[in-house]
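Notes to accompany the following structure.
Values quoted throughout were computed directly from the atomic coordinates according to the rules given, and no laboratory measurement underlies them. Just so it is clear, the structure is predicted and the values come from calculations on it, not from any experiment. Note that each Cβ is placed from the backbone with ideal geometry, even for glycine, and that neighbours are counted across all protein chains shown.
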Ligand SMILES: Cc1cc2nc3c(=O)[nH]c(=O)nc-3n(C[C@H](O)[C@H](O)[C@H](O)COP(=O)(O)O)c2cc1C
């Protein structure tokens, strides 16, 4: 696919087949992710990859329970609470893979750099026919010190982008976009 086509056809995918992913596939997506620009080329990122759907499903349940119990600490948005309260909601959508983009420093722009790497990752996945969805809801749980220890994520790293990955059952329709507000300054 051409770049513009990839950008236009990327979608947040929330329904995956059971097909497992190979390490080599994820490795190649990460190789593309890290071509993203970063402030002063510091490349303040690392990646944690989980390719075990059962573990991912268990984490989804634990994270949802914790998020509901601690909702007021993490969000004030009632619509997010509604999403979590829906008994059918599965945080990681039964995805066969979960990739966490980690900021490895507290440099002022490390999180921006990680977002760029995350977007590269999602576009590279789309180009290979794979679906992704950034699961921002999971971030507070993933950043708990006890969970980072359990996942063997270094304590000074910060989870910026939790991304589920897999073969889509179907490509969702676009939600469309509002027209961009543009201030033409000259
Ligand atoms: C920072 C960020 C956080 C997101 N968090 C979630 C989430 O927790 N759960 C979810 O289902 N989708 C999440 N999404 C996906 C968005 O809902 C989705 O990208 C948006 O609705 C636009 O749809 P599209 O990606 O198909 O164009 C998130 C996306 C971004 C960029």
Pick from 85, 18, 173: which residue has the top mean-square fluctuation in a GNM of the chain where Cα pairs under 10 Å get a spring? 173
Starting from 0 in steps of 10 Å, tell me what percent of the Cα-Cα pairs of the range 74-139 lands in each bin. 17, 39, 35, 10
Using a Förster distance of 30 Å, the FRET efficiency for residue 68-residue 7 (Cβ separation, nearest 0.05): 0.30
Rounded to 0.05, the calculated FRET efficiency for the beta carbons of residue 54 and residue 83 at R₀ = 22 Å is 0.40
Cα gyration tensor, the range 3-166 - rounded (a/c under 1.5), prolate or oblate: oblate
Nearest-5 percent of antiparallel DSSP beta bridges in the chain? 95
Quick one: check the C-alpha center-to-center distance for the range 107-129 versus the range 1-78, whole angstrom. 10
Distance (nanometres) between label positions extended 7 Å along Cα→Cβ at residue 128 and residue 19: 1.2
Note down the nm distance, to one decimal, between modelled labels 7 Å out along Cα→Cβ at residue 177 and at residue 40. 3.2
